Structures are given as C-alpha cells and as structure tokens.
1. State which residue is nearest to the ligand (Cβ to nearest atom) when the search covers only segment 39-91 and only residues that are out of contact with any strand residue (DSSP E or B) (no Cβ under 9 Å at 6 or more places or on another chain) and at positive phi.
2. With the condition kept exactly as written, say whether any residue in segment 329-349 is over 29 Å from residue 249 (Cα atoms), surrounded by fewer than 22 Cβ atoms within 10 Å (Cβ to Cβ), at pLDDT below 95 and more than 19 Å from the chain's Cα centre (by Cα).
3. Tally the residues that are buried (at least 24 other Cβ atoms within 10 Å of the Cβ) and either out of contact with any helix residue (DSSP H, G or I) (no Cβ under 9 Å at 6 or more places or on another chain) or not in a strand (DSSP E or B) (or both), restricting the search to segment 273-297.
4. Can you tell which of 263, 288 is away from the ligand (no atom under 12 Å from the Cβ) and closer than 22 Å to residue 121 by Cβ?
5. So residue 282 fits all but one of (1) away from the ligand (no atom under 13 Å from the Cβ); (2) under 13 Å from the mean Cα position of the chain (by Cα); (3) farther than 27 Å from residue 74 by Cβ; what number is the exception?
Ligand SMILES: *Cc1c(COP(=O)(O)O)cnc(C)c1O
C-alpha cells in the first residue's frame, strides 16, 4: 500500500537518517523510514508513503495518532499552565489521580514520567514499607528481597533493569544492586519455595510484553498473591504495557481476578505524551512520607490533562468490549495466515497485545517478518528474536484489521518462501 510521491534526488528521509547516526548515541537501531505525521492508525513518512500502524509506538499510542479530543485537551492546557513543580499542586494531576482511584483498587497515586520511573517508585516503596515495619531493636535479617522473573522487563533505570529478567540488559554496568532474585515465569512451585520472611516484594507483568508476549497463568498470579499474603510481602503488577485497556480490561488485573498492592502504568496512559504512575493503597502509601521520593516533572499538568482524557475515553465498557472483539478478530486472521504458511508455533496474548511465536525453521526470523511488513506498508513489533508482536491502537477498525492482515499475509508469504528455497 506504500504509495510513494515523486522523490527528489536527495530523499529527505535518507539525509535525516544519516544525520541521526551522526548526532545520536548509537543505542538504538531505528528503521530507515522517517515518519512525518499520523492520523488514527495511519502514519505517513517524509516521502508521503503511508503505513498502517500495528505498533502504536510500542503499545503507547492507545488512541492512535492526532486524536482530535487529545489534541484539543493538550492545546487548551498548553494555553493555561505547563509546569509548576511539586511545591505546588495542579488541578489536572488531582483530577487524574482521582480518576485512577475511582477506576481501580488504588487509594493513592504517585506520578512519574515513564514506566521505569513508576517501577523505580514501586520498588523503592516496597523496600521502604518493609523497612518501616521492621522491629529495629532486634537483630533481624533485613526484609529486602525482591522476587522477579526470567524474561521480565521493568525499564532501564539501573535498579529496574537489574530487577528485569534479561541479564544482557544489565551486564557491564555493575556493581549491581543486591537483594534481587529471579525465578522462572509461571512456575508456581519455584515461587512457593522461594518467597519467604525476607521477601519484601514480588513484581510481575500480567502479560510479559518485551519478554515475548507471554501471559501469566491465572493460578500463577493467584499463587503469587497467596505467597505475598503469607509472608507479608507486597505484590507489584507492572502494567506499564498491559494497562490502559491494552488487554481488554482497563487494567489486566481486573480480568485476572487478583488485586496487587502496587500497580504501575505508563505507556498508553497519555496516548503518547510522557507520563508514568504508581498506584497503591492508603496504608502502603504512608511509607512515602514527605521527602522520601520525588520527581521534578512528575504530575506535569500537560501530561495529566491528556491522560485524564485518555482514561475517560478508554475506561468505558463499550470501548473495552471493542478491544476484546478486535483482538479476537485479529487472532482469527492470524490463525488463517498460519493455516496457509504454518510459520507460527503459537498465537497468544490478551486484547490488542498479541504475540506470534515463530516455529522452526523461522524461529529467529521475527525481525525478517517485521521488515517485510514495513515494505508492504505495515508497522509491527517484535518481542525477542522469535516473537512477532502486534499492538495496534485501541481505536483500530475492523476494516483496518482486515487490511493489516492482508499486508501481513503478503509479508509472511515472502519470508516463508525465502526459507523454503
Ligand atoms: C516499556 C515497559 C517499561 C519501561 O517503560 P519506559 O517508559 O520505557 O521507562 C516497564 N515495564 C514494562 C512492562 C514495559 O513494557
């Protein structure tokens, strides 16, 4: 579907991309296309080529690009108040915190600017809560153990990246913080054997996103809740990727039937404007007493105004029903593609967070599929070498899903044919 306009001798994209490499640190390896504008689930590059967006950033642009209501709210707030610091309160932040409390288990909210920072706050709070409750008069073993899972992803600050379960992201930056233990994901026995008196928190993604779009099994999450209760540890759900309607409930815990003590949310929360939040109960929140934690930009009025509108739009039953229905439709189409080419071992995920695990001999070729998709005008994601990840905006229409599946079918067909040769 990529329809190129007349290209000048020196394509603007090519020179932009070369300049990127010349002026940026080399920690990313972006694609060659240079997006110029977006609308809904469509994105145009600087040449005028159009792409259907099944990536939404990385599960961020929940309401697609340039949503008219979000543009209006942002422009309105921009004309009033951008920033005041946390020495003052601001109304958009108060409204957003109130809405988050109304819509979830939470009684208190801390605002940050990213998922990693929300998790950093959650992990610090869990350590501090355990510290506050320990009897300091006796020589007790410290209650500071954080239990996390292999392949988990919790962000890139040094604490969160060390809690994450992919050592390649934290190796070489040491010395690493201690008191962090990794267990196999979805392994109830390992959890029950390891959680103990010294555990202060268990942190888990309801669906591992970066780690391969792997849903936590219900009995695993229930076991985590029970272990935490037994040993007075806090259960933290990292819903940075699964939250804000992505999995078909406003927050995934609401359809898992297990309530955490702390929940973190970010990616889709302000539909692409940077924000993160940590949600918790009134009792646990007391351990973040005055001066214990903070953020210069956290609770920014612009981000909070937009996020409040996102939650107003996403947090309605018809919208969430639609996410589940569109997710089911997408999965059906992926199953049909797989009947034709037999490249996927499994298609999994919840709502509009879907992973297609590649089977032999394509098991390390998810990125080749992604690159073929881009050539056909479809933006997608990967989650590791063997999983193609799809996370379209939640406002995706049935027609756009059909169109995306047609483009994906062409891309998969190409890669499948290459490998068979
Ligand atoms: C993306 C992600 C993060 C990190 O969020 P940033 O905004 O990049 O800091 C943390 N946890 C999960 C589950 C994520 O998907």
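1. So the residue we want is 57.
2. So the first thing to find is which residues in segment 329-349 are over 29 Å from residue 249 (Cα atoms), and the list is 339-343.
Next, only the ones that are surrounded by fewer than 22 Cβ atoms within 10 Å (Cβ to Cβ) stay: 339-342.
After this cut, where a residue has to be at pLDDT below 95 as well, the list is none.
Scanning segment 329-349, I find no residue that is over 29 Å from residue 249 (Cα atoms), surrounded by fewer than 22 Cβ atoms within 10 Å (Cβ to Cβ), at pLDDT below 95 and more than 19 Å from the chain's Cα centre (by Cα), so the answer is no.
3. Final tally of qualifying residues: 1.
4. On the way: 263 fails: away from the ligand (no atom under 12 Å from the Cβ).
None of the other options fit; the residue is 288.
5. Failed condition: (2).
The values are calculated or read from the model by the stated rules, or taken from the named source; none is laboratory data. As the structure is a prediction and not an experimental result, all values here were calculated from the model. Every residue, glycine among them, receives a Cβ derived from its backbone with ideal geometry; neighbour counts consider all protein chains shown.
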